[in-house]
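Following: one structure in structure tokens, then a few remarks.
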Amino acid sequence: MAELIVIGYGDRAEAEEALGTVQELQRDQVVRLNGLAVVSVDAEGRTHVDTSNRVVGVTAATGALWGTIFGILFLAPAVGALTGAALGGLVGRLSQSGIDERFRQQVGDLLRPGAAALVLMAGKLTEDKFTDAMRHHGGTVLKTSLSDEDEKDLAERLAGPE
């Protein structure tokens, strides 16, 4: 089961500091990342995305899944109404797997102008060690899960016909 975790902070500097801790936790094998990014919103309300290229062991299918989830959460809030049937089906499938409109709204509420969030998709997470290490950063934590079956199904849909 993959965990999608969004931790909201007051500014980008706080999110960047937390990013460093997550990368240390990855090196210590407390977390196995499938995706990692810092998202910030400037004073004009524009979203800026910094995806970390320091995530190791990510397959092409997992990377595509992360990109789709990330796009649905941050880059295209009304993607279901704006895309074709294939991507609309993915959005529907994500909604069934826990990444529903309510979760997307909560994420949007975190990202007010000047704020930032650390976003990670973890394939493995040692919850107690992760929580202890991240506690001193504070922040508002949102979390949802994507079942192994849904993750596999979405990855296969993204891969398309062979």
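The values are calculated or read from the model by the stated rules, or taken from the named source; none is laboratory data. Please read these numbers as outputs of a predicted model, since none were measured by experiment. Neighbour counts run over all protein chains shown; Cβ positions are idealised from the backbone, glycine included. Quick note on the areas: whole protein, heavy atoms, side chains included, nothing else; ligands and nucleic acids left out. Shrake-Rupley method; radii C 1.70, N 1.55, O 1.52, S 1.80 Å.
Non-local amide H neighbours of residue 35 (under 5 Å, H modeled in plane, Pro and chain starts lacking H): which ones?
121
Probe radius 1.4 Å, ligands and nucleic acids ignored: give me the carbon and sulfur share of the accessible area of segment 1-54 as a rounded percent.
The nonpolar share, carbon plus sulfur, comes to 42 percent.
How much solvent-accessible surface does residue 124 expose, in Å² to the nearest 10, with a 1.4 Å probe and all protein chains in place?
80
Using a simple spin-label model with points 7 Å from Cα along the Cα→Cβ vector, what separation in nm is obtained for residue 131 and residue 24?
Between residue 131 and residue 24, the label points sit 2.0 nm apart.
Near the amide H of residue 111, under 5 Å away, which other amide H atoms are found, from residues 5 or more places off or on another chain, if H is placed in the peptide plane?
HN-HN under 5 Å from residue 111: empty list.
Using a 1.4 Å probe and counting only protein heavy atoms, arrange 137, 48 so the residue with the most accessible area comes first.
48, 137
Determine the order of 135, 104 by accessible area, beginning with the largest, at a probe radius of 1.4 Å.
Largest to smallest exposure gives the sequence 135, 104.
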